[in-house]
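**Q** Below is one structure. I have some questions about it.
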Amino acid sequence: MAVCALIGVGIMAGVDEIVFHQILGWHHFYDRSVASIGLLSDGLLHTAELLALVAGFFLFADLRRRDALSRSHARAGVFLGLGGFQLFDGIVDHKVLRLHQIRYGVDVTPYDVLWNIAGLVLLLIGMVLAVRAQRRHRSA
Amino acid sequence: MPVHVHPAPDLVGVGPSELVTGAVSLLAAAAYLAVAARLRRRGDRWPVRRDMSFLAGAAALAGAMPSVLPGGPFTAHMAQHLLGGMAAPLLMMLARPLTLALRALPPGGVRHLLVRTAHSRPVTWLLCPPVAAVLNVGGLLLLYRTTLLAGTHHQVLLHAAVHAHVLMAGILLTVSLCHLEPVRQQWSLSWRGGTLLAIGAAHAVLAKSLYVTAPPGTSYALADLRTGAQLMYYGGDLIEIALATVIAAQWYASTGRALLRSRRTPPPRMVSKAL
């Protein structure tokens with residue numbers, strides 16, 4: 001499950017970067033407002049996201065090879081990762097550290113609310129799946 | 001602000017350092033292919049994909065000439081940096097040239113010298129992942145955050161020295177991270193992964209800072225600077241993914257071998273439990 005959560009985090013970070021940064025161009029490659037510490041954390045996060053994706057897929061392959069992969073746990077892990085990262089990004093990055101905002105030049109509140117609710121929903125789906133997987137595992 | 005036309009560097013066209021680079025890569029590729037062919041005639045197994053990888057690396061090195069690369073001067077410089085400093089070392093080192101040389105050379109003489117050098121204390125130090133990383137990042141900081149880059153436009157030797165350093169530092173980093181060659185010390189997965197994370201982050205931060213602040217003493221057009229910085233950022237990502245894949249694939253292969261062994265000979269503890 002942890003392995004798939006890693007993949008989930010990587011995917012969500014990748015989606016965030018690709019969809020919102022590149023396709024929509026909502027927030028930019030470089031925000032003039034950010035301090036150097038923001039730049040550093042962004043670079044670290046970006047690199048960690050790439051490494052997490054590569055490591056996640058190899059760990060996944062390793063689990064399959066050992067026949068240790070539980071599909072229901074894996075699904076739960078992906079959702080936990082997706083939701084966890086989304087919420088973390090929404091709360092810590094956007095609000096607490098104020099690294100960047102989702103969109104500039106408009107009232108950001110509805111976007112923030114939507115972003116965090118979407119993250120919460122994904123996280124809840126992950127939790128439900130995890131509990132169900134655990135039950136099935138025990139009864140099996 | 002009037003658009004400042006970048007003064008044409010002295011090295012437009014094919015300069016002496018580019019001729020030397022081209023000749024060296026051609027010679028290296030020819031030598032590699034000849035030795036690999038000899039090894040195969042002798043009956044050794046040496047995968048063709050290694051030949052291909054070395055050829056591609058040598059081609060990347062030879063093709064890394066600002067005069068033939070598209071884009072403005074800074075973008076071309078950055079493409080050269082990516083090809084010569086990152087892609088070429090990775091592709092060439094994946095072909096395991098040192099292993100090839102050690103297999104092909106007769107015992108004693110040159111072979112002994114090569115082993116002695118590869119196992120010597122200074123080389124072992126240089127191949128420590130954090131040291132190799134500092135050599136890389138330090139070189140980049142010097143190049144882009146001092147007037148060094150501006151200086152290379154007027155001094156042929158300095159220009160050549162910078163590119164030689166970028167190439168050598170790239171080779172050191174690749175060897176220290178990828179564990180493909182028989183060197184003295186092999187570093188653990190966490191050291192290599194941590195170094196890759198740190199250097200990837202440093203590379204990304206430097207690329208982003210170049211997007212807004214040009215190297216001191218240079219006068220590149222803003223659009224050129226920005227394209228070059230983005231090229232550095234995303235090109236760095238590609239190399240980083242490639243390096244991470246090499247490291248992860250090695251882990252996968254070695255744990256796979258361990259798994260096979262443990263399946264073939266179950267540890268005694270498990271047997272007693274089954275009884």
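**Q** How much accessible surface does residue B:191 have with a 1.4 Å probe, in Å² rounded to 10?
**A** Using a 1.4 Å probe on the heavy atoms, I get roughly 130 Å².
**Q** At 1.4 Å probe size, with no ligands or nucleic acids counted, give the accessible surface of residue A:85 in Å², nearest ten.
**A** 20 Å²
**Q** While we're looking at this one, here's another question. I'd like the mean, over residues of B:192-199, of how many other protein chain beta carbons sit within 10 Å of each residue's own Cβ.
**A** The shielding value for this peptide is 2.
**Q** In addition: Which of the three applies to the range B:143-275, rounded, prolate or oblate, going by the alpha-carbon gyration tensor with a ≥ b ≥ c and a/c under 1.5 meaning rounded?
**A** Prolate, because a/c is 1.5 or more and a/b exceeds b/c.
**Q** In Å² (nearest 100), what accessible area is buried between B and A, both sides summed, heavy protein atoms only, 1.4 Å probe?
**A** 2400 Å²
**Q** Now for a different question. Between residue B:189 and residue B:34, what is the label-point separation in nm under the 7 Å Cα-to-beta-carbon projection?
**A** Output for this residue pair reads 4.2 nm.
**Q** Figure the gain on full extension for residue B:123 and residue B:41 (residue separation times 0.36 nm, minus the Cα-Cα span) and round it to one decimal in nm.
**A** 26.3 nm
**Q** Same structure again: Given a 1.4 Å probe and the protein chains all in place, what does the accessible area of residue B:171 round to, in Å² to the nearest 10?
**A** 40 Å²
The values are calculated or read from the model by the stated rules, or taken from the named source; none is laboratory data. A quick note: this is a predicted structure, and the numbers were derived from the prediction, not measured. Cβ atoms come from the backbone with ideal geometry, glycine included; neighbour counts cover every protein chain shown. The protein model used for the area step is the full one, side chains on, heavy atoms only, and it has no ligands, DNA or RNA in it. Shrake-Rupley method; radii C 1.70, N 1.55, O 1.52, S 1.80 Å.
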